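Colleague: Attaching a single structure in structure tokens format; questions to follow.
The values are calculated or read from the model by the stated rules, or taken from the named source; none is laboratory data. All figures in this text were calculated on a predicted structure; none of them were measured in a lab. Every residue, glycine among them, receives a Cβ derived from its backbone with ideal geometry; neighbour counts consider all protein chains shown. Calculation scope for accessible area: heavy atoms of the full protein, side chains included, ligands and nucleic acids excluded. Shrake-Rupley method; radii C 1.70, N 1.55, O 1.52, S 1.80 Å.
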Amino acid sequence: MIEQRVIQYIEKEQLFSQNSKILVALSGGADSVALLRILHSLGYECEAAHCNFHLRGKESDRDEMFVRQLCQQYNIPLHIIDFDTTRYAEEKRISIEMAARELRYEWFEKKRIECHANRIAVAHHQDDSIETMLLNLIRGTGITGLLGIRPINGYIVRPLLCVSRKEIICYLQSIGQEYVTDSTNLEDEYTRNKIRIHLLPLMQEINPAIKNSLITTGNHLNDVATIYNKSISEAKARVITSEGILISAILQEPSPETVLFEILHPLGFNPAQIKDIYHSLNGQSGKQFSSKEWKVIKDRDFLLLEKIQPEREDTPSFQLIREESEYTTDFQIPHKKEIACFDADKLSGTITLRRYQAGDTFIPFGMKGKKKVSDYLTDRKFSISQKERQWVLCCNEQIAWLIGERTDNRFRIDENTRRVVIYRMV
């Protein structure tokens, strides 16, 4: 009995309890109809959620009408929403498939909260999991991508992963339950359909038991992935510090490029970028690599990770408070990096505040010759990222203060000083 296998799978994977309230994603197709009928027959409290994406004209409306009648027949509460999927895809600049996925899962979660459901059940089955494995393999993937579809992901559960598509159809026929057919599933426009329609039948000619073999392989890789993920977590703990990825530590790992991949790929870096970053580890400082949201900077001892801001902010995170007073012999110059004191007569030009720029020079307090700001910051062991965030206070075109670091000797207080200007960072 398929119901018995499903309930055993629910208990084995701890998907939900007998007292749980389940929101079932109901398209009207064979899989989702079977899922609803099975959970309902097993005594679970169910509500259904249907998305009309308006992508197949009359078919979309037919599906909605069907699920309305089905839920009415079994007295199951039903939630329905209409989406302008095409418009959403254009606005987000994503594929129709991705748009439909984002829209439905965001709405499912919203409805789950509103109806106080414990889980959202979707109708993926063994064949879907096999197709996902092959799809990921074709596109290129790590171990995780070869595991197929997992039974639980947050509030999303998949109780039918223990049965095949053929078993689902046989079940529906045995209980005389109708369902609707999405005509696009019979087309090979999408890659997943090409796998279903063309690739899997060809693989079955070579090995009639290919589906069972792939499921067994996926289960085996799940155990392998557990060991792999444990090792990766331990490696991450060894190489990631508060400053960034310690280059010397990652190079001591048995497979440094793999560890680097597992750190950077979740941040949006593609395999080619990660390979370039890996090859830069023994190179000169200064190289930068960017994903959509993150930036990696190759520094001397670290790979620095920075979240990319939408726009470079030209407003500092601090404020400068200016004070001016008479200079007396008992005046004590504060020895704090947040405070800078100048001769008021020397600091008499136009005062501006800006970020440090490449090529900037100044005469550090107590010295006579000019020094490049970049060299000074390098001597102070500033990272590239810290240099980019350095601000300077200028009098006319000359740097008077490398803020928070050192003043310029040309603006120092001396025996001829009559008035002093004090700047404080707050």
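Colleague: Can you list the HN-Hα couplings for region 67-77, worked out from phi with the Karplus curve (6.51, -1.76, 1.60; θ = phi - 60°), rounded to whole Hz and with x for Gly and Pro?
Modeller: So the Karplus estimates, Gly and Pro as x, are 5, 4, 5, 4, 5, 5, 4, 9, 6, 9, x Hz.
Colleague: Highest mean first, what order results for 201-211, 135-145 on Cβ atoms within 10 Å? Show your work: numbers first, answer last.
Modeller: Working: 201-211: 11.7, 135-145: 13.5.
Going from most to least packed, we get 135-145, 201-211.
Colleague: Now, a different point. Show the residues, 5+ positions off or on another chain, whose built amide H is closer than 5 Å to the amide H of LEU78.
Modeller: Here ALA48 satisfy the definition.
Colleague: Can you list, bin by bin at 5 Å, the percent of alpha carbon pairs in region 198-334, starting at 0?
Modeller: All Cα pairs considered, the percentages come to 2, 8, 13, 13, 11, 8, 9, 8, 7, 7, 5, 3, 2, 1, 1, 1, 1, 1, 1, 0.
Colleague: Counting pairs of alpha carbon atoms under 8 Å apart in space and at least six apart in sequence, what relative contact order in percent does region 269-424 give? Intermediate results must be reported in sequence, preceding the final value.
Modeller: Values: 239 pairs, mean separation 42.6, N = 156.
Reported relative contact order: 27 percent.
Colleague: Which value in nm describes the separation of the simple spin-label points at ASN282 and LYS337, placed 7 Å from the Cα toward the beta carbon?
Modeller: According to this spin-label approximation, the distance is 3.5 nm.
Colleague: Along each principal axis of its Cα atoms, how long is the chain end to end? Whole angstroms, biggest number first, please.
Modeller: 103, 46, 40
Colleague: How much FRET efficiency would the formula 1/(1 + (r/R0)^6) give for LEU267 and SER174, where r is the Cβ-Cβ distance and R0 is 41 Å, rounded to 0.05? Numbers along the way, then the final one.
Modeller: Working: r = 49 Å, r/R0 = 1.19.
Between LEU267 and SER174 the formula returns 0.25.
Colleague: Carbon and sulfur: what percent of region 1-151's accessible surface (1.4 Å probe)?
Modeller: Values: 3640 of 7690 Å².
Summing carbon and sulfur atoms, their accessible area is 47 percent of the total for region 1-151.
Colleague: Over the chain, what is the relative contact order in percent, taking alpha-carbon pairs closer than 8 angstrom and at least six residues apart? Spell out each step's value before the answer.
Modeller: Details: 602 pairs, mean separation 47.8, N = 426.
Computed value for the chain: 11 percent relative contact order.
Colleague: Evaluate the distance, in nm, between pseudo-label points positioned 7 Å from the Cα of GLN386 and of LEU78 along their respective Cα→Cβ axes.
Modeller: Calculated label separation equals 6.4 nm.
Colleague: Name the residues of region 363-392 whose amide N is less than 20 Å from a point 7 angstrom out from the Cα of THR315 along the C-beta direction?
Modeller: Of the residues in region 363-392, 389-392 have backbone N under 20 Å from the label point off THR315.
Colleague: Which whole-number value in Å² is the accessible area per residue of region 341-426, probe 1.4 Å? Don't skip to the answer; put the middle values down first.
Modeller: On the way: 4370 Å² over 86 residues.
Heavy-atom SASA per residue in region 341-426 reads 51 Å².
Colleague: Then there's this: So if each residue of separation counts as 0.36 nm, and I subtract the Cα-Cα distance between GLU114 and SER231, what length gain in nm does that give?
Modeller: Numbers: separation 117, 0.36 × 117 = 42.12 nm, distance 4.01 nm.
Result: 38.1 nm gained on full extension.
Colleague: Normalised by the residues of region 381-426, what does the relative contact order come to in percent, with Cα pairs under 8 Å and at least six apart?
Modeller: Working: 26 pairs, mean separation 9.2, N = 46.
It rounds to 20 percent for region 381-426.
Colleague: Restricting to the chain, compute how many DSSP beta bridges are antiparallel as a %, nearest 5. Numbers along the way, then the final one.
Modeller: Details: 39 of 54 bridges.
Around 70 percent antiparallel, to the nearest 5.
Colleague: Work out how much length THR329 to VAL224 would gain on full extension: take 0.36 nm times their residue separation and subtract the Cα-Cα distance, in nm to one decimal. If you can, show how the numbers build up before the last one.
Modeller: Values: separation 105, 0.36 × 105 = 37.80 nm, distance 7.51 nm.
Contour length minus Cα-Cα distance gives 30.3 nm.
Colleague: Can you tell me which of 23-35, 356-368 comes out highest on packing, and rank the rest after it, using the mean Cβ neighbours within 10 Å?
Modeller: Result, highest mean Cβ count within 10 Å first: 23-35, 356-368.
Colleague: So, one more: P(r) of region 14-62 in 5 Å steps, Cα pairs, percent per bin?
Modeller: All Cα pairs, binned at 5 Å, distribute as 5, 19, 26, 21, 13, 8, 6, 3 percent.
Colleague: Which aspartates and glutamates, on any chain, are close to LYS370 with Cα under 15 Å apart, when same-chain ones fewer than 8 places away are left out?
Modeller: ASP360, ASP379, GLU397, ASP408
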